[in-house]
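The values are calculated or read from the model by the stated rules, or taken from the named source; none is laboratory data. Because the structure is predicted, anything quoted here is derived from the model rather than measured. Note that we place each Cβ from the backbone using ideal geometry, even for glycine, and neighbour counts take in every protein chain shown. Calculation scope for accessible area: heavy atoms of the full protein, side chains included, ligands and nucleic acids excluded. Shrake-Rupley method; radii C 1.70, N 1.55, O 1.52, S 1.80 Å.
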Amino acid sequence: LNDNPSHYKITLSGTVKSPKINFDPPFLMLMPVPLDVKTETAISIIPQDYLRQSQIRVELPELELEDGDRIYPFSVQFPEGQDIVLSSDGTNKELICHISFKSSRPVSFLGNMFFTDEEEN
C-alpha cells in the first residue's frame with residue numbers, strides 16, 4: 001500500500017445469528033390419567049443456527065401439593081441423544097424428546113419446562 005492507506009478502504013458487513021431451538025408442537029397438553037398411570041408424548045426439538053456441537057438440558061418443574069409436599073411428576077428421555085450436531089450441509093439435526101407424567105397424588109399443572117443448551121441459550 002506504499003505508505004498511503006487512504007487509497008484503499010475495506011468494508012465488511014455480516015449478520016450475527018444466535019442459536020435457537022423451536023418445538024413441534026409448540027405447546028403440550030397431556031391427557032388426564034388415573035393415579036400412578038403414566039401418560040407420555042413425543043415432541044420434536046428443532047435447533048437452528050448452531051455452528052458447533054452442543055447439548056440440550058431440561059429443567060423440569062417441581063410441583064407443590066396442597067399439604068406442602070413437593071413432587072417431580074415429569075420426566076424426559078431423548079432416545080437418540082441430547083447432542084445438537086451440525087450436519088455436512090450446515091443444518092442441525094432434529095431431536096426427539098419423550099415427555100412423561102406420572103403421579104400417585106391428584107394434581108394438575110400449567111407451567112413451563114425450560115430447554116437450554118450449554119451456553120444457557
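Condition first: open to solvent by less than 50 Å² (accessible area, probe 1.4 Å), of a type outside the set (Ser, Thr, Tyr) and either in contact with a Pro (Cβ under 7 Å, 6 or more places away or on another chain) or more than 20 Å from Val37 (Cβ to Cβ) (or both). Now tell me which residues in the stretch 91-106 satisfy that. If you could, list the steps in order and put the result at the bottom.
Taking the stretch 91-106 first, the residues open to solvent by less than 50 Å² (accessible area, probe 1.4 Å) are 92, 95-97, 99-101, 103.
Of the ones still in play, those that are also of a type outside the set (Ser, Thr, Tyr) are 92, 95-97, 99, 101.
Those that are open to solvent by less than 50 Å² (accessible area, probe 1.4 Å), of a type outside the set (Ser, Thr, Tyr) and either in contact with a Pro (Cβ under 7 Å, 6 or more places away or on another chain) or more than 20 Å from Val37 (Cβ to Cβ) (or both): Asn92, Leu95, Ile96, Cys97, Phe101.
For every residue, the table says whether it meets (1) assigned to a strand (DSSP E or B); (2) within 25 Å of Ser108 (Cα to Cα); (3) touching a residue at least 24 places away in the same chain (Cβ under 8 Å).
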| site | (1), (2), (3) |
| --- | --- |
| Asp36 | no, yes, yes |
| Glu40 | yes, yes, yes |
| Ser44 | yes, yes, yes |
| Pro47 | yes, no, yes |
| Tyr50 | no, no, yes |
| Val58 | yes, yes, yes |
| Pro61 | no, yes, yes |
| Glu66 | no, yes, no |
| Val76 | yes, yes, yes |
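For Val76, the conditions (1) in contact with a His (Cβ under 8 Å, 6 or more places away or on another chain); (2) open to solvent by 80 Å² or more (accessible area, probe 1.4 Å) are fulfilled apart from (2).
Tally up the residues in the stretch 12-34 that are among the polar types (S, T, N, Q) and part of a strand (DSSP E or B), please.
Residues of the stretch 12-34 that are among the polar types (S, T, N, Q), as a first pass: 13, 15, 18, 22.
Cutting the leftovers down to part of a strand (DSSP E or B) gives us 22.
Summing the residues that are among the polar types (S, T, N, Q) and part of a strand (DSSP E or B) in the stretch 12-34 gives 1.
Just give me the residues in the stretch 107-120 being under 14 Å from Glu59 (Cα atoms), part of a loop (DSSP other than H, G, I, E, B), touching a strand residue (DSSP E or B) at 6+ places or on another chain (Cβ under 7 Å) and open to solvent by 80 Å² or more (accessible area, probe 1.4 Å), in sequence order. Residue satisfying the conditions is Glu118 alone.
Taking the conditions (1) touching a Lys or Arg at 6+ places or on another chain (Cβ under 7 Å); (2) at pLDDT below 90; (3) on the phi < 0 side of the Ramachandran plot in turn, Phe27 satisfies each one other than (1). For the stretch 80-89, filtering for residues that are without any contact (Cβ under 8 Å) to a residue 12 or more places away in the chain and open to solvent by 50 Å² or more (accessible area, probe 1.4 Å) leaves 2.
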